[in-house]
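These notes concern the structure reproduced below.
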Amino acid sequence: MRSRFIRYGGRFAALGLGLFMAELLLRLAGVSYPAWDRPTKGLREWGVPHAVGWAVGETRTYLKLNAEGIRDIDHAVAKPANTLRVVVVGDSYVAAFEVELEEAFWSVMERNLATCPALGDRSVEVINISKRGYGTVEELLALRRFGFKYDPDHVVLAFLTGNDFRNNSRALKASNRPYFDRDGDSLRLDESYADSAEFKRWTGWQGKPLVWPVAAFPIPASDSPSQTTDQGDSRRA
């Protein structure tokens, strides 16, 4: 009995050591599966700041999220003088994980508006505030938290008729997300999703996000990016 325990124990120890070494080598090489999203109080979920990696699904695109966890560059909060600022909110169609950053429609819009004669000498800055899987309730919450501080002149809502209606109604599609409920002549925000067992499992019972470090070993600028993630269905509801 003891010899069998030693024999099998040695095999499991060798297997564990091999897996540990493989993990270490992958991390040293900069190969990882970064988490794009993490549970966020008041928003259900939001992007992981500075997450980087390959989004593999409909296409294969190397992505970088900014300091706020958004698929965009970083923007100064203070609006520059003589600048037209536009904030765009939406879901995966706006996050645009399938295309290069400069090919996202809001990037194209910024470049085209910059050549508009009606704006004269005003600069144009378009800021993306979007999240894959969001409905308009969550988009409004994200706009309040991240968007309005930029003092936008205009806000563009990218509304997807394919799922945004049902994302706002439990009767059409019940899921663990925030909803607005009618309360007389006003709306009341229902965030009971945060009390669900599924959400608590995601955040950890002590409330700590179960998110693996994204950039434990930074990739040298001279090296080709090798991080990979499985994007799945970018147009998830």
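A compact table of results
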| quantity | calculated |
| --- | --- |
| Any strands (runs of 3 or more DSSP E) falling wholly within the range 55-172 and containing at least 2 residues that are of a type in the set (D, E, K, R) | 60-64 |
| Neighbours by Cβ (under 8 Å, 6+ apart or cross-chain): first from the range 156-185, at negative phi and of a type in the set (Phe, Trp, Tyr); second part of a loop (DSSP other than H, G, I, E, B) and surrounded by 11 or more Cβ atoms within 10 Å (Cβ to Cβ) | 179/168; 179/169; 179/170; 180/168 |
| Criterion (surrounded by 14 or more Cβ atoms within 10 Å (Cβ to Cβ), modelled with pLDDT of 90 or more and either touching a helix residue (DSSP H, G or I) at 6+ places or on another chain (Cβ under 7 Å) or not hydroxyl-bearing (Ser, Thr, Tyr) (or both)) met by exactly one of 190, 181 | 190 |
| Test: residue in the range 39-54 that is modelled with pLDDT of 90 or more, among the aliphatic types (A, V, I, L, M) and touching a helix residue (DSSP H, G or I) at 6+ places or on another chain (Cβ under 8 Å) | yes |
| Criterion violated by residue 42 - all others in (1) part of a loop (DSSP other than H, G, I, E, B); (2) in contact (Cβ under 8 Å) with a residue 60 or more places away in the chain; (3) farther than 20 Å from residue 137 by Cβ satisfied | (3) |
| Flag if residue 101 is touching a helix residue (DSSP H, G or I) at 6+ places or on another chain (Cβ under 8 Å), surrounded by fewer than 17 Cβ atoms within 10 Å (Cβ to Cβ) and farther than 27 Å from residue 188 by Cβ | yes |
| Complete set of residues in the range 110-134 that are closer than 25 Å to residue 52 by Cβ, out of contact with any strand residue (DSSP E or B) (no Cβ under 6 Å at 6 or more places or on another chain) and not basic (Lys, Arg) | 133, 134 |
| Test: residue in the range 59-77 that is under 15 Å from the mean Cα position of the chain (by Cα) and over 30 Å from residue 115 (Cα atoms) | no |
| Set 37, 91: member being acidic (Asp, Glu), closer than 23 Å to residue 176 by Cα, surrounded by 22 or more Cβ atoms within 10 Å (Cβ to Cβ) and within 14 Å of the chain's Cα centre (by Cα) | 91 |
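The values are calculated or read from the model by the stated rules, or taken from the named source; none is laboratory data. On a predicted model such as this, the values are computed, not experimentally measured, just so you know. Note: ideal-geometry Cβ built from the backbone for every residue, glycine included; neighbour counts use all protein chains shown.
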